[in-house]
Structures are given as structure tokens and as C-alpha cells.
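**Student:** Can you read through this structure? Questions will come right after.
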Amino acid sequence: LIIAGGGGGATNIGGAGGAGGMLTGTFEAVDTGSALTATIGGGGAGTSGPQTPGGDGTATTLTGTPIVDQSTVGGGGGCSGGDPGLPGGRPGGSGGGGRYDNPPTAGSGTVGQGNDGGAGGRPQTSPIYAGAGGAGAASSITGGSVTYAGGGGGVSNIDFAPGGSGGGGSGGAYPAPSGGQDGTANLGGGGGGAYPGTSGSGGTGVVILSVPTATYSGTSSGTVTITTSGANTILKFTGDGTYTT
């Protein structure tokens, strides 16, 4: 399981950050002695500036033989008033648009990877309601079901919206200047938009490997937590690290 960093939310009619990209897969054989290197993507920054877009999340990668450049793309930062959603990470989960038109819309993320952030908005002639973050996807690679990569929630001038399941931060509770919530760390959630206040930052990514315990080498380094589930050993990289087969 490979999750990229989520995008940060925008301020002032704040569109939310898109979730980091998510990929799953199975490798039938990995050469003995190969080093599988995980590089964990960071979340995009939130902001407190006037009408400022959120930062993009960054990619998470897993490299090694015969695994070559398995990479997810970071979530796009949210956009503020008058702007459409940024394509994710460019690409990834899209950032939500902060729009003056009706209805506000998010840009499009990479198919099969990211989940969009919710749109914010401010009406010219009629109410515009904030958009909820896109729902993430569940994985049971650790032995129990966990949902990852939820988009952040947007905020308009009349309401705010929740983040998507899987770590998406909710939009700031307009009109109280509470700011948007951060995306959850190591789930790749997008940050919530703000109007006013400070928008949420995107959550960091993660790499999780499930290895048959019978062939587990016991050799790893970096920021990794090691557990077991059934007949498998689980390595959860929340920071950069390496597993040598």
C-alpha cells in the first residue's frame, strides 16, 4: 500500500486540499537481498494569507528490484475565491475549487489514485454550499480495515463541509474563525479550507508492506513499525526507510 501526501486547504472562500494518491499491489517475487526503499511524501501546507491557495502534497515512492518506481502522486492544494480547483499534485487528488459562480466545482484528479477536495464558494446571486471531501478507500493490509486518502472539506460564506472518510480535514466552521482541520498524518488526507482563519495542512503519506513471515528477513531501517497479522509480517513506514529482503 502506497499513499502520497495530501494537499493543503485554501483561505477566503476556501477550497479544500485533495487527498494523496493511493496505490495497492502484490509482487509475486522479489530478489533475495534486494533493498526496497520507501520515500514518504509530505502534506501540502495550509495558509493564513488572504485568498491564498493551499500547497500541493508530494509523491510517495517505493523502489527496488524488481519493483521500479512505484509512485503515487501528491494531492493538489485547494484554490480560493474565483479560481477553479488545481489538478492534484499536478496530478493526484484534485484540490477543491473556491468559486464565485454557482455551483463551485473541484478540478479533476488522477483516475484511480486521488480523491478530490471539497469546493468552497461565495455567491454572486444565490447561496453556495460548501462541498464535502471525497471519500477515501479501505485497505486491510495491516490485518484490520483502515480507510485512507480522504479529500478535505470546503467552506463557503454560509456553511462548511466535512472531510472525506480516510483522514480528510473538515472545512473551517464559518463564520467562526476556527480554520480548517489538518488532514490526518499517514493517511494522506487533504486539509480543510478556511474562511476566515487558517486552512488545514495535508496529511503525510505512508508505505505498508505485508511479507510472509516465513520469508521475512528481519532487516529494515528508518522510520518503521513492525507487527504481525496471521502468517504475515507488516512493515509500516511513516517516514523514509528500507526493507532488505
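The values are calculated or read from the model by the stated rules, or taken from the named source; none is laboratory data. Bear in mind that the values here come from a model prediction, so they are computed numbers and not experimental data. Note that each Cβ is placed from the backbone with ideal geometry, even for glycine, and that neighbours are counted across all protein chains shown. Accessible surface is based on the protein model in full, side chains and every heavy atom, while ligands, DNA and RNA are left aside. Shrake-Rupley method; radii C 1.70, N 1.55, O 1.52, S 1.80 Å.
**Student:** Return the total of residues in the stretch 184-199 being open to solvent by 10 Å² or more (accessible area, probe 1.4 Å), within 10 Å of the chain's Cα centre (by Cα) and not hydroxyl-bearing (Ser, Thr, Tyr).
**Tutor:** Residues flagged as open to solvent by 10 Å² or more (accessible area, probe 1.4 Å), within 10 Å of the chain's Cα centre (by Cα) and not hydroxyl-bearing (Ser, Thr, Tyr) within the stretch 184-199 amount to 3.
**Student:** Same structure again: Is one or more of the residues making up the stretch 149-160 of a type in the set (A, V, I, L, M, F, W, C) and under 20 Å from Ser71 (Cβ atoms)? So that I can check it myself, show each step before the final result.
**Tutor:** Going through the stretch 149-160, the residues of a type in the set (A, V, I, L, M, F, W, C) turn out to be 149, 155, 158, 160.
Checking which are under 20 Å from Ser71 (Cβ atoms) leaves us with 149.
Checked against the condition, which is being of a type in the set (A, V, I, L, M, F, W, C) and under 20 Å from Ser71 (Cβ atoms), the stretch 149-160 yields at least one hit.
**Student:** Out of the stretch 228-243, which residues are more than 14 Å from Asn186 (Cα to Cα) and either of a type in the set (D, E, K, R) or touching a helix residue (DSSP H, G or I) at 6+ places or on another chain (Cβ under 8 Å) (or both)?
**Tutor:** Thr228, Ala231, Asn232, Thr233 - these are the residues of the stretch 228-243 that are more than 14 Å from Asn186 (Cα to Cα) and either of a type in the set (D, E, K, R) or touching a helix residue (DSSP H, G or I) at 6+ places or on another chain (Cβ under 8 Å) (or both).
**Student:** Also, quick follow-up: Can you confirm whether the stretch 192-208 contains a residue that is of a type in the set (Gly, Ala, Ser) and out of contact with any Gly (no Cβ under 8 Å at 6 or more places or on another chain)? Outline the logic, then answer.
**Tutor:** Our first condition is that a residue be of a type in the set (Gly, Ala, Ser); within the stretch 192-208, this holds for 192-194, 197, 199-203, 205.
When the remaining residues are screened for being out of contact with any Gly (no Cβ under 8 Å at 6 or more places or on another chain), the result is none.
Checking the stretch 192-208: not a single residue is of a type in the set (Gly, Ala, Ser) and out of contact with any Gly (no Cβ under 8 Å at 6 or more places or on another chain).
**Student:** Can you run down the residue pairs with Cβ atoms below 6 Å, 6 or more apart or on separate chains, where the first is in the stretch 200-211 and crowded, with 24+ Cβ neighbours inside 10 Å and the partner is assigned to a loop (DSSP other than H, G, I, E, B) and among the acidic types (Asp, Glu)?
**Tutor:** Gly200/Asp182; Ser201/Asp182
**Student:** What are the pairs, 6+ residues apart or on separate chains, where a residue within the stretch 128-155 that is on the phi > 0 side of the Ramachandran plot and assigned to a loop (DSSP other than H, G, I, E, B) has its Cβ under 6 Å from a residue that is hydrophobic (A, V, I, L, M, F, W, C) and surrounded by 24 or more Cβ atoms within 10 Å (Cβ to Cβ)?
**Tutor:** Qualifying pairs under 6 Å: Ala149/Ile3; Ala149/Ala19; Ala149/Met22.
**Student:** If Gly92 meets every condition in (1) at pLDDT 85 or above; (2) more than 18 Å from Ala161 (Cβ to Cβ) apart from one, which number is that one?
**Tutor:** Evaluating Gly92 over (1) at pLDDT 85 or above; (2) more than 18 Å from Ala161 (Cβ to Cβ) leaves (1) as the failure.
**Student:** Could I ask something else about it? All but one of (1) of a type in the set (Gly, Ala, Ser); (2) in contact with an Asp or Glu (Cβ under 7 Å, 6 or more places away or on another chain); (3) farther than 21 Å from Leu36 by Cα hold for Gly222; which doesn't?
**Tutor:** In the conditions (1) of a type in the set (Gly, Ala, Ser); (2) in contact with an Asp or Glu (Cβ under 7 Å, 6 or more places away or on another chain); (3) farther than 21 Å from Leu36 by Cα, Gly222 misses (3) alone.
**Student:** Another question about this same structure. Kindly evaluate Ser165 against the criterion of being of a type in the set (Ser, Thr, Tyr), open to solvent by 40 Å² or more (accessible area, probe 1.4 Å) and out of contact with any helix residue (DSSP H, G or I) (no Cβ under 7 Å at 6 or more places or on another chain).
**Tutor:** yes
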